[in-house]
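Peer 1: Quick one: structure below, then a few questions.
The values are calculated or read from the model by the stated rules, or taken from the named source; none is laboratory data. Only a predicted model underlies this, so the values are computations on that prediction, with no experimental measurement involved. Positions of Cβ are generated from backbone atoms using ideal geometry, with glycine treated the same way; all protein chains shown enter the neighbour counts.
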Amino acid sequence: MNKKKLGIIAAGGVVCVTAIAAYAVFGWKGMGKVSGLHLDLSSPDAMIVTKSLSSLPKDLLTIPLARDVLREDFLFYYEQNEDRLGISGALRRIAYEHELLWGDQLIRMVLDEPADVALWRDADGSLKHFAIAVSRSSFTRLLEESGKIALKDSQMTVAGSLKVDGDKVPVYALAYGANRTLLFAAHGKRLVILSHPGMLYSGADGKDADSKAVDVVANMLEEDPKKNQALRQQFHLDGQAPSGHSVAVKADFLSFGYQPFFGALAALRFDFSKGHWSTQALVDAARLQSGGYDNKALWPMLPHNPAACFALPADWAAMAPVFKRVGDKANADLSKLGEQLSGPAAVCWYGSSRLYTPLIVATRKPGASGDELLGALYTAAVGNVAAGAVSKRAGKSGETLWQRAVTTPIGEQTPTLAIKGQTVLFSPDAALVELALAVGRKQSPAIADRLDDASRTVGLIAPSSLSDLIRKETFDALPTSREPVLRAAADVHLVPRLDALKKYPPYRLVLKSLPKSGAAWQSVEWQALDR
């Protein structure tokens, strides 16, 4: 395998993996001493299993695309991250004043050892909270010294305690900056670090323990792997010691909470082993609908050269409550609408359009009719009466279109729904729907024209078109009052990275097989397409 093909193999996960890995390794964000958090510690959004956290950023840079986009300053930035420096400074002071030997060694001890890192999203949707669990024999001494320090130090205190294997284990709070506090606890060879006190404690004084969260942390401190790897098992990761890195992310996080509509795709995973990155998808066979991930009918409908395009195993039955709720508001019975649709759906972004105006394509069951239900859904969901009447008309080749002009904070849009035979098309950008209809009339090329195995193709990414889309959205988002300053910064730091993306060819994601039963990880291949 040549270097370019080898390097790009996990390119689609670069941004996702980078954000998670960088935060987990260096982005410590323990904010405040009183909680306000409502996290389910038994259900993390992402998981990293690694032989060494400190080597993860370096190994990410073995991917040429990541190296071109991130450059070496990625490493130096996180080495100098303010939270890491704050923790280092606090530990140095404590070690010096109390005549201890560990200081910076504690950070190296955590970052250089095999570790499990669980991550949770905050209310704003970003991954801001984490738990790091590591094993090392010298933690017994750390526990003894921490107990002595907590009695007489202003930055390290006892926050509470929990029970592990019959032993009472103190939980320590380390304040390392303004409104920056993390928790840690050690038992035997195990050490667990929590990024925020509110992950364990709540109440006005931050002293009320969350019993469910306490149980999760206590299990992470157990010596028995069946207990301390419970969060790992939730991602169907085996109990073997990591030979490299595995970064698993739930589809619910990647889809901004819409994953219940395609529940068969549970998570994505990016693995680094023996110098290679690879990609896998966690697919649940029990939740696949009939023909639920056969995509051969989708790609012939979609215009070529998308910036990014993904086919998802839609669970139309799961959408029935949504259809009903929308219909109730419009005094229309839409609860049976999902029964007309079958197979997967596709969502695609194009460099000629905007990030907030993707094209969505689905198919109806053979013989399904009832265009009026889809029209009623459009009328109920798009705009309102004040936006003006819905226009229903026939297209150039017999398709039916619904349109309504809608004024939004980002300008006037004309969301368009079209039905052509068994094909259903929708986009806030009318031009994309018209382009897809032209594909159906054989007047414009389709994505399928470049695919050898359309049925198992689950996605496409075109770095060049994606670069154009990112550039457009970034510069349009710059505030007017400071635009010259921010534009200059974007020109210097962002544009060269986007230009580097353009040298890469389009890639497609191919899911070669599906599990016969249960949930299992399936290999996803990245295959280069000719430009």
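Peer 1: Could you check residue 513 against (1) surrounded by 13 or more Cβ atoms within 10 Å (Cβ to Cβ); (2) modelled with pLDDT of 90 or more; (3) not basic (Lys, Arg) and say which number it fails?
Peer 2: Of everything listed in (1) surrounded by 13 or more Cβ atoms within 10 Å (Cβ to Cβ); (2) modelled with pLDDT of 90 or more; (3) not basic (Lys, Arg), residue 513 misses just condition (1).
Peer 1: Then there is this: Applying the selection to the range 438-454, what residues are among the small types (Gly, Ala, Ser) and modelled with pLDDT under 90? Steps first, answer last, please.
Peer 2: First pass over the range 438-454, keeping only residues among the small types (Gly, Ala, Ser): 438, 440, 444, 446, 448, 454.
Matches in the range 438-454: 454 only.
Peer 1: Can we say residue 279 is modelled with pLDDT of 90 or more, within 26 Å of residue 235 (Cα to Cα), assigned to a strand (DSSP E or B) and of a type in the set (Ser, Thr, Tyr)?
Peer 2: Details: modelled with pLDDT of 90 or more: yes; within 26 Å of residue 235 (Cα to Cα): yes; assigned to a strand (DSSP E or B): yes; of a type in the set (Ser, Thr, Tyr): yes.
So residue 279 passes the test.
Peer 1: Look at residue 357 and say whether it is assigned to a helix (DSSP H, G or I), in contact (Cβ under 8 Å) with a residue 12 or more places away in the chain, crowded, with 16+ Cβ neighbours inside 10 Å and in the same structural domain as residue 328 (by TED's automatic domain parsing). Please lay out each step first, then the result.
Peer 2: Details: assigned to a helix (DSSP H, G or I): no; in contact (Cβ under 8 Å) with a residue 12 or more places away in the chain: yes; crowded, with 16+ Cβ neighbours inside 10 Å: yes; in the same structural domain as residue 328 (by TED's automatic domain parsing): yes.
No; evaluated as a whole, the condition is false for this residue.
Peer 1: May I ask you to list the residues in the range 185-218 that are within 12 Å of residue 169 (Cβ to Cβ), in contact with a Ser or Thr (Cβ under 9 Å, 6 or more places away or on another chain) and surrounded by fewer than 21 Cβ atoms within 10 Å (Cβ to Cβ)?
Peer 2: 188, 190
Peer 1: Sticking with this one: Would the range 397-416 turn up any residue that is assigned to a strand (DSSP E or B), farther than 18 Å from residue 354 by Cβ and small (Gly, Ala, Ser)? Steps first, please.
Peer 2: So the first thing to find is which residues in the range 397-416 are assigned to a strand (DSSP E or B), and the list is 400-403, 406-408, 411-413, 416.
With farther than 18 Å from residue 354 by Cβ added as a condition, the list becomes 400-402.
This time we only want the ones that are small (Gly, Ala, Ser), so: none.
Checked against the condition, which is being assigned to a strand (DSSP E or B), farther than 18 Å from residue 354 by Cβ and small (Gly, Ala, Ser), the range 397-416 yields no hits at all.
One line per residue, one yes/no per condition, for (1) surrounded by 14 or more Cβ atoms within 10 Å (Cβ to Cβ); (2) assigned to a loop (DSSP other than H, G, I, E, B); (3) of a type outside the set (D, E, K, R):
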residue: 449; (1), (2), (3): no, no, no
residue: 455; (1), (2), (3): yes, yes, yes
residue: 459; (1), (2), (3): yes, no, yes
residue: 464; (1), (2), (3): yes, no, yes
residue: 467; (1), (2), (3): yes, no, yes
residue: 470; (1), (2), (3): yes, no, yes
residue: 490; (1), (2), (3): yes, no, yes
residue: 503; (1), (2), (3): no, yes, no
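Peer 1: I'd like to know if the range 216-224 contains one or more residues that are of a type outside the set (Val, Ile, Thr), farther than 22 Å from residue 113 by Cα and in contact with a Gly (Cβ under 9 Å, 6 or more places away or on another chain). Walk me through how you get there before you give the answer.
Peer 2: Let us first name the residues in the range 216-224 that are of a type outside the set (Val, Ile, Thr), namely 218-224.
If we keep only those that are farther than 22 Å from residue 113 by Cα too, we end up with none.
Scanning the range 216-224 turns up no residue that is of a type outside the set (Val, Ile, Thr), farther than 22 Å from residue 113 by Cα and in contact with a Gly (Cβ under 9 Å, 6 or more places away or on another chain).
Here's the yes/no breakdown for (1) surrounded by fewer than 18 Cβ atoms within 10 Å (Cβ to Cβ); (2) in contact with a His (Cβ under 9 Å, 6 or more places away or on another chain); (3) in contact (Cβ under 8 Å) with a residue 24 or more places away in the chain:
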| site | (1), (2), (3) |
| --- | --- |
| 367 | yes, no, no |
| 379 | no, no, yes |
| 391 | yes, no, no |
| 395 | yes, no, yes |
| 400 | yes, no, yes |
| 408 | yes, no, no |
| 418 | no, no, no |
| 428 | no, no, yes |
| 443 | yes, no, no |
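Peer 1: Sticking with this one: State all residues of the range 228-249 that are under 21 Å from residue 126 (Cα atoms) and either surrounded by fewer than 22 Cβ atoms within 10 Å (Cβ to Cβ) or more than 13 Å from the chain's Cα centre (by Cα) (or both); if no residue qualifies, say none.
Peer 2: Going through the range 228-249, the residues under 21 Å from residue 126 (Cα atoms) turn out to be 231-232, 234-235, 246-249.
231, 232, 234, 235, 246 - these are the residues of the range 228-249 that are under 21 Å from residue 126 (Cα atoms) and either surrounded by fewer than 22 Cβ atoms within 10 Å (Cβ to Cβ) or more than 13 Å from the chain's Cα centre (by Cα) (or both).
Peer 1: Within the range 403-418, track down each residue that is within 18 Å of residue 440 (Cα to Cα) and not hydroxyl-bearing (Ser, Thr, Tyr).
Peer 2: From the range 403-418, those within 18 Å of residue 440 (Cα to Cα) are 416-418; that's our starting set.
Listed by number, the residues that qualify are 417, 418.
Peer 1: Moving on. Which residues, counting only those in the range 418-475, are among the β-branched types (Val, Ile, Thr) and within 25 Å of the chain's Cα centre (by Cα)?
Peer 2: Of all residues in the range 418-475, those among the β-branched types (Val, Ile, Thr) come to 419, 423-424, 433, 439, 447, 457-458, 461, 470, 474.
Result: 457, 458, 461, 470, 474.
Peer 1: Restricting attention to the range 253-260, does a residue exist that is crowded, with 17+ Cβ neighbours inside 10 Å, free of Cβ contacts under 8 Å to residues at least 40 places away in the same chain and either of a type in the set (Lys, Arg) or under 21 Å from residue 358 (Cβ atoms) (or both)?
Peer 2: Within the range 253-260, one or more residues are crowded, with 17+ Cβ neighbours inside 10 Å, free of Cβ contacts under 8 Å to residues at least 40 places away in the same chain and either of a type in the set (Lys, Arg) or under 21 Å from residue 358 (Cβ atoms) (or both).
Peer 1: Can you confirm whether the range 195-207 contains a residue that is farther than 17 Å from residue 39 by Cβ, of a type in the set (A, V, I, L, M, F, W, C) and assigned to a loop (DSSP other than H, G, I, E, B)? Break it down stepwise before answering.
Peer 2: Just the residues of the range 195-207 that are farther than 17 Å from residue 39 by Cβ, to begin with: 204-205, 207.
Those still in the list that are of a type in the set (A, V, I, L, M, F, W, C) too: 204.
Then keep just the ones that are assigned to a loop (DSSP other than H, G, I, E, B); that gives 204.
Yes: one or more hits.
Peer 1: Moving on. Do the conditions hold for residue 298, that is, is it surrounded by 21 or more Cβ atoms within 10 Å (Cβ to Cβ), aliphatic (A, V, I, L, M) and within 29 Å of residue 467 (Cα to Cα)?
Peer 2: Details: surrounded by 21 or more Cβ atoms within 10 Å (Cβ to Cβ): yes; aliphatic (A, V, I, L, M): yes; within 29 Å of residue 467 (Cα to Cα): yes.
It is true that residue 298 is surrounded by 21 or more Cβ atoms within 10 Å (Cβ to Cβ), aliphatic (A, V, I, L, M) and within 29 Å of residue 467 (Cα to Cα).
Peer 1: Among the numbered criteria (1) closer than 28 Å to residue 505 by Cβ; (2) not in a loop (DSSP other than H, G, I, E, B), which one does residue 317 miss?
Peer 2: (1)
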